[in-house]
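Have a look at the structure below before the remarks.
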Amino acid sequence: MKVLPQDLVPGCLLIKDVMGKTVYPIIPKNTVIEPIHIKVLNDFQVPYVEVASRLVSGDSYDAKEVDPNEVENEETMVKDRSQSSHAFFDYYVHAVKETKLMFENWEKHPQLDIKNIRQLISPLVAKGEESIKSILELHHYNEKQNYYYHHMVAIAVISAFIANKLKYEKSERLQIALAAFLSDAGMVKEGSHVYKKDDVLSEAEYERIQNHPILSYRMIEHEPYLSKNIKLAVLQHHERLDGSGYPLGIHNDKLHPYAKIIAVSDMFHAMTSERNYRKKQSPFKVIEEMMKDQLGKLDMKVVEALVQSIVYFSNGTKVRLTNNDIGEIVFIDDKHPTRPMVKKESSQEIIHLVHNQNLYIEEILNS
């Protein structure tokens with residue numbers, strides 16, 4: 001929907017770049033609006049912006065839409081999101097909002113409604129499997145103050161997406177998604193002062209957090225409608241192949257395949273998300289770090305399934321780099337698939353990302 005900058009509220013999600021006279025956006029799409037953005041838009045006298053019809057909190061956003069016929073010199077609008085993407089966002093923010101309500105209820109009465117949870121995540125997972133673009137945009141939707149609710153929902157979507165790439169049947173993909181969603185439910189027993197802390201955890205707090213897989217497991221241990229596979233995956237989702245994980249320090253041969261998928265999803269979303277104490281990172285940078293730093297810890301078959309899905313671009317794909325340069329991919333090196341050669345749109349200069357290790361692809365602009 002097209003609205004005036006003065007009608008924006010914090011939590012609005014931009015669904016189209018706000019362009020100025022420069023070659024890169026004043027504010028890029030998928031930005032969650034904060035007060036500083038509203039000030040910038042007014043300072044630049046931007047006539048209107050395009051935002052989603054829901055806030056990232058899941059609440060409806062009711063504002064008067066701008067009539068394009070009343071906007072002078074309006075450019076032809078290009079739909080850079082499909083109807084499927086819009087539907088996914090609507091499902092996603094609804095799921096996050098409901099998850100927050102569940103979490104708050106669990107603080108008083110730690111009893112799960114498994115049927116309700118299945119109904120909540122099932123359509124979202126189905127939508128997420130339709131497009132890698134939805135997976136790549138998940139981290140943009142995150143709200144720092146509500147990180148854990150976003151995380152629970154996002155890793156369910158990512159886990160099912162990876163499971164689909166690994167040829168799991170639909171029924172198993174939903175089980176994996178359900179296990180991913182429930183894997184952090186035990187955080188509720190640590191208290192909001194720990195899981196909502198806006199600073200780096202102390203050593204004592206980190207040790208407490210490492211206990212949450214056990215707490216999550218105990219919340220679902222006696223649920224008759226959850227399989228043993230789901231319960232094991234919840235308990236083991238922070239374990240590592242080399243035994244360096246927690247809470248039990250078990251090794252590869254004892255790790256459930258579902259847990260290996262959730263481990264990758266959990267790390268990927270956590271590292272790409274904005275946190276109170278850490279900036280979000282490019283998904284492509286995170287993938288590189290996971291492949292290099294998590295060798296022997298994460299299941300590389302699972303990581304590779306994510307890599308092959310994310311690095312799906314071809315020559316001619318338009319991308320934005322982390323320095324906001326926009327360009328077109330002109331050559332892909334099979335040995336370094338996340339670091340192709342990019343021709344800058346502004347100067348036609350060729351940038352070889354292999355030789356510019358401080359630069360990463362931030363976002364794919366077309367597919």
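The values are calculated or read from the model by the stated rules, or taken from the named source; none is laboratory data. The model shown is predicted, which means the values in this text are computed figures rather than measured ones. Every residue, glycine as well, gets a Cβ built from its backbone with ideal geometry; the counts of neighbours run over all protein chains shown. To get the accessible areas, we keep the full protein, side chains included, count just its heavy atoms, and leave off ligands, DNA and RNA. Shrake-Rupley method; radii C 1.70, N 1.55, O 1.52, S 1.80 Å.
Here are a few things to note about the model shown:
- Sole exception among (1) open to solvent by less than 30 Å² (accessible area, probe 1.4 Å); (2) part of a loop (DSSP other than H, G, I, E, B) for Glu223, by number: (1)
- Criterion violated by Leu295 - all others in (1) free of Cβ contacts under 8 Å to residues at least 40 places away in the same chain; (2) within 21 Å of Ala160 (Cα to Cα) satisfied: (2)
Each row is one residue, and each column tells you yes or no for (1) assigned to a strand (DSSP E or B); (2) not aliphatic (A, V, I, L, M).
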| position | (1), (2) |
| --- | --- |
| Val330 | yes, no |
| Thr338 | no, yes |
| Ser346 | no, yes |
| Glu362 | yes, yes |
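- In the condition set (1) hydrophobic (A, V, I, L, M, F, W, C); (2) closer than 30 Å to Lys344 by Cβ; (3) modelled with pLDDT under 85; (4) touching a Phe, Trp or Tyr at 6+ places or on another chain (Cβ under 9 Å), Ile15 is compliant with all but (3).
- Within this structure, His355 passes the test of being surrounded by fewer than 18 Cβ atoms within 10 Å (Cβ to Cβ) and at pLDDT 90 or above.
- Test result for Glu107, open to solvent by 10 Å² or more (accessible area, probe 1.4 Å), in a helix (DSSP H, G or I), modelled with pLDDT under 90 and within 30 Å of Leu215 (Cα to Cα): yes
- Residues being within 14 Å of the chain's Cα centre (by Cα) and among the small types (Gly, Ala, Ser) - total across the stretch 244-278: 3
- Residues of the stretch 226-240 classified as touching a Lys or Arg at 6+ places or on another chain (Cβ under 6 Å) and either assigned to a helix (DSSP H, G or I) or not basic (Lys, Arg) (or both), total: 0
- Of all the criteria given as (1) at pLDDT 95 or above; (2) farther than 28 Å from Pro110 by Cβ; (3) of a type in the set (Lys, Arg), the one not satisfied by Arg278 is (1).
- Residue in the stretch 311-334 that is more than 21 Å from Ile132 (Cα to Cα) and touching a His at 6+ places or on another chain (Cβ under 8 Å) present: no
- The condition (being more than 24 Å from the chain's Cα centre (by Cα), in a helix (DSSP H, G or I), at pLDDT below 90 and of a type in the set (S, T, N, Q)) is satisfied by just one residue among Asn69, Asn73: Asn69.
- From the options Ile155, Ile162, Ile135, residue that is of a type in the set (Val, Ile, Thr) and at pLDDT below 90: Ile135
- For the stretch 120-147, filtered to residues that are under 19 Å from Arg54 (Cβ atoms) and among the polar types (S, T, N, Q), the residue that is surrounded by the most Cβ atoms within 10 Å (Cβ to Cβ) is Ser134.
- Qualifying residues in the stretch 172-198 (those that are open to solvent by 80 Å² or more (accessible area, probe 1.4 Å) and not basic (Lys, Arg)) - the one modelled with the lowest pLDDT: His193
- Subset of the stretch 311-331 (residues that are open to solvent by 40 Å² or more (accessible area, probe 1.4 Å), among the β-branched types (Val, Ile, Thr) and over 17 Å from Lys285 (Cβ atoms)): Val330
- When Asn116 is tested against (1) at pLDDT 90 or above; (2) within 28 Å of Ile15 (Cβ to Cβ), exactly one condition is not met: (2).
- For the stretch 237-268, a tally of residues being open to solvent by 10 Å² or more (accessible area, probe 1.4 Å) and over 19 Å from Lys165 (Cα atoms) returns 17.
- Filter result (open to solvent by 40 Å² or more (accessible area, probe 1.4 Å) and free of Cβ contacts under 8 Å to residues at least 40 places away in the same chain) within the stretch 269-285: Arg278, Lys279
- Ser57 being within 22 Å of Ser122 (Cα to Cα), at pLDDT below 85, of a type in the set (Gly, Ala, Ser) and surrounded by 12 or more Cβ atoms within 10 Å (Cβ to Cβ): no
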